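One structure is given here, and the rest of the page talks about it.
The values are calculated or read from the model by the stated rules, or taken from the named source; none is laboratory data. All of these numbers come straight from a predicted model, not from anything done at the bench. Positions of Cβ are generated from backbone atoms using ideal geometry, with glycine treated the same way; all protein chains shown enter the neighbour counts. For accessibility, only protein heavy atoms count, side chains too; no ligands or nucleic acids. Shrake-Rupley method; radii C 1.70, N 1.55, O 1.52, S 1.80 Å.
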Amino acid sequence: MSKLLLLDGNSMLFRAYYATLYTHRMSTSNGIPTNAVFGFIMMLNKAIDIIKPDSILVAWDAGKPTFRHKQFAAYKGTRKPLDEDLIVQFPIVREFLDATGIKRFEIEGYEADDIIGSMAKTNSKGMTTILTSDRDLLQLIDDTTHVLLMKKGLSDMDLMDVENFKEKYNLMPKQIIDLKGIMGDSSDNIPGVAGIGEKGATKLLVQYGSLENVYENIDQIKGKQKEKLLNDKENAFMSKELATIYTSMDFPFTIQDCKFDGYDEKVNDFYQKYE
């Protein structure tokens, strides 16, 4: 069975930057910051050692607006501006990937999550592993898709499959979108139902299975929780939709175009350039 490694580029570069910001600051002799690039490469190398992929694709966000902003203008509206030292490293990481020969892709109107979800579906006859620090991608876990989830620093990774996801969260991976529908997600400015957090949302989903079933059985729910659910019903369904990764994208390339046989020798020139 062929093995595809998908990287959530933005998530991994953010992780690399903040994991090294105070402990491993790096720059070239002419002052170009490189700590995030260094961290990104370290995480990628470890994932390659673990997975030993036949193909690799790095997916990137193309920026605003996406189709989710058309649904909800305030989507991700609370994000803080990026540090300038991080911004300048985005093109450097892309330069690294081009030097290695690793395929990268981004497209306007969609997020990296949608590229990853669609590629994982395309590779349904193979095995896909997603490297990310974004728990939203856990919804894609199934029999042929696993998530290598970053936990701390650059080396602490947790390989999540259906069984250990169920053990850890007491839910099925696909229920992540129902969970976000109820509890929301402050990092993406997804509202959910005001006043119901992760614990309450999980309890509802264990009992009723899905957001739709929660509302179909709303008369069985009592007190303030019922009141909160009724008050924010529209937000709940919109939030579930916002949290759902799109998995039906068409690509101008195939998995074969993402074939990985090791780094191209040109990467040595990149290493020298950035010291």
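What dipole magnitude, in Debye to the nearest 20, does the chain give about its Cα centre under +1 on Lys/Arg Cβ and -1 on Asp/Glu Cβ?
On the way: 34 positive and 41 negative charges, 147 e Å.
Once rounded to the nearest 20, the dipole reads 700 debye.
To check you understand DSSP bridge types, tell me what percent of the beta bridges within the chain (both residues inside) are antiparallel, rounded to 5. Let's see the in-between values first.
Values: 9 of 28 bridges.
Here the share of antiparallel DSSP bridges comes out near 30 percent.
For the pairs Lys52/Lys103; Lys125/Lys152; Lys70/Lys203; Lys166/Lys199; Lys174/Lys203; Lys180/Lys226, flag any whose C-alpha to C-alpha distance is greater than 20 Å.
Values: Lys52/Lys103 16 Å; Lys125/Lys152 32 Å; Lys70/Lys203 31 Å; Lys166/Lys199 15 Å; Lys174/Lys203 16 Å; Lys180/Lys226 17 Å.
As for pairs spanning more than 20 Å Cα to Cα, those are Lys125/Lys152; Lys70/Lys203.
How large a share of the accessible area of the chain, in percent, is made up of carbon and sulfur atoms when the probe is 1.4 Å and the other protein chains stay in place?
Its accessible area is 50 percent carbon and sulfur atoms.
What percent antiparallel are the DSSP beta bridges of region 105-222, to the nearest 5? It would help to have the intermediate numbers written out before the result.
Working: 7 of 12 bridges.
Around 60 percent antiparallel, to the nearest 5.
Which chymotrypsin sites (Phe, Trp or Tyr not before Pro) does region 219-275 hold that lie in a coil by DSSP with at most 14 other beta carbons within 10 Å?
Working: sites: Phe237, Tyr246, Phe253, Phe260, Tyr263, Phe270, Tyr271, Tyr274; in loops: Tyr246, Phe253, Phe260, Tyr263, Tyr274.
Passing both the DSSP loop test and the Cβ count: Phe253.
Accessible area per residue of the chain at 1.4 Å probe, in Å²? Don't jump to the answer; show the numbers that get you there.
Values: 13760 Å² over 275 residues.
Averaged over the residues of the chain, the accessible area is 50 Å².
Compute for region 1-122: radius of gyration divided by Kirkwood radius, i.e. Rg/Rh, restricted to C-alpha atoms, rounded to two decimals.
Details: Rg = 15.4 Å, Rh = 15.6 Å.
Dividing the radius of gyration by the Kirkwood radius yields 0.99.
So I have (1) 36, 30, 15; (2) 28, 19, 18; (3) 36, 21, 17, and one of them is semi-axes √(5λ) of the Cα gyration tensor in Å calculated from this model. Which one is it?
Calculated semi-axes √(5λ) of the Cα gyration tensor in Å: the matching label is (3).
Ordering His24, His69 from largest to smallest accessible area (1.4 angstrom probe), what's the sequence? Before the final figure, lay out the partial values.
Values: His24 80, His69 30 Å².
Final ranking, largest accessible area leading: His24, His69.
Which value, in debye to the nearest 20, describes the size of the charge dipole of region 1-90 about its Cα centre when Lys and Arg Cβ atoms bear +1, Asp and Glu Cβ atoms bear -1, and nothing else is charged? Please report the intermediate quantities before stating the final value.
Details: 11 positive and 7 negative charges, 73 e Å.
Its charge dipole is roughly 360 debye.
Choose one of Thr28, Ile56, Leu148: the residue whose Cα lies farthest towards the positive end of the charge dipole of region 1-157 (beta-carbon charges +1 Lys, Arg; -1 Asp, Glu; about the Cα centre).
Final value for the positive-end residue is Leu148.
Probe radius 1.4 Å, ligands and nucleic acids left out: which of Lys70, Lys46 has the largest accessible area, and how do the rest follow?
Working: Lys70 175, Lys46 70 Å².
If we order Lys70, Lys46 from most to least accessible, we get Lys70, Lys46.
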